[in-house]
Amino acid sequence: MSIKTYRPTTPAQRQKTTQDFDQITTKKPMKSLLASKKQMAGRNNKGRITVRHRGGGVKRHYRIVSYDLPKDTTFEIMEIEYDPNRSARIARIKDTKNRYYYVIADSKMRKGAKFSTGEQAAVENSNRLPLKNIPVGTFIYAIELTPGRGAQMARSAGTNAQLMAKENNYATIKLPSGEMRKVLVDCEASIGAVSNEQHQNIKIGSAGRRRRKGIRPTVRGVVMNAADHPHGGGDGGRHGTGKAPRTPWGQLTLGYRTRRNKKTNKMIVRSRHEGKRK
């Protein structure tokens, strides 16, 4: 995959880059695998904003992606499609009973190719099998955290994890963040790396393009009034916060630990922060 640049006929196009769509084979999604998607503008089911700077954007349909495919089945890749709701490409696949699914596409998937699932599947790209049957050192994606629950880790564009070791009932996996984590060997994973690996190198180029994605502008706290943010107020001069960085609600931010689920600490062999410490 390559990145597409533009002739700078406008200031925005001078910086703007887009991804090419060479891997995509159709522009029309499968109607039975679509669902309506309401724009919530960052609000939860109580109407409270839980994610700031969201709103507007173009209308989209949600693609119903399957993260837990039937076991011991062979699938044929019918189409590779664009999904407006995620960074990766998705693949429309068909099983031997003519049932269709959407799955996250990896970088090696091509229209007409086939892949398998289950313990008897070969150790080849796109095949999905338990960690206990995958050799150490293999690059994997779409990894389960709990057997049978479906893929939860390494699902975004260009990501993959590496199977580092297997001991007793646990496999040690190195995640894209650098974290080393234990997972039960009965959990499944797909072999390979997620598609659209150039996604992180795309330059938005213009404010309008960001707004069409449903992302609204962000305003720094230091330029607000004192009533609006802990960093606000002052004589209008160019100055910093004068205090430890805080959220708009007064909570400490940089260096402040926000991890709540301490029960899974025993599963983390090496934190994602370990390599950043001096």
*Two-site label geometry, ASP186 and GLN162: point separation in nm, points 7 Å out along Cα→Cβ*: 2.9
*Could you list which residues have their amide H under 5 Å from that of ARG89, counting only those 5 or more apart in sequence or on another chain, with H placed in the peptide plane?*
ALA105, SER195, ASN196
_Full-extension gain between THR10 and ASN85, please, as 0.36 nm times their residue separation minus the C-alpha to C-alpha distance._
24.2 nm
_Please rank GLU79, GLU188, GLU274, fewest neighbouring Cβ atoms within 10 Å first, as an exposure proxy._
GLU274, GLU79, GLU188
*Packing-wise, with mean Cβ within 10 Å as the measure, how do 48-58, 117-127 rank, highest first?*
117-127, 48-58
*Amide H neighbours of THR138 under 5 Å, counting only residues 5+ apart in sequence or on other chains, H built in-plane at 1.01 Å?*
LEU163
*How would you rank ARG210, ARG259, ARG238, ARG128, going from fewest to most other Cβ atoms within 10 Å of each one's own Cβ?*
ARG238, ARG259, ARG210, ARG128
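Each reported figure results from applying straightforward, stated rules to the coordinates on display, with no laboratory input. Treat the numbers as computed from the prediction; the structure is a model and nothing was measured. As a convention, Cβ positions derive from the backbone with ideal geometry for all residues, glycine included, and neighbour counts pool all protein chains shown.
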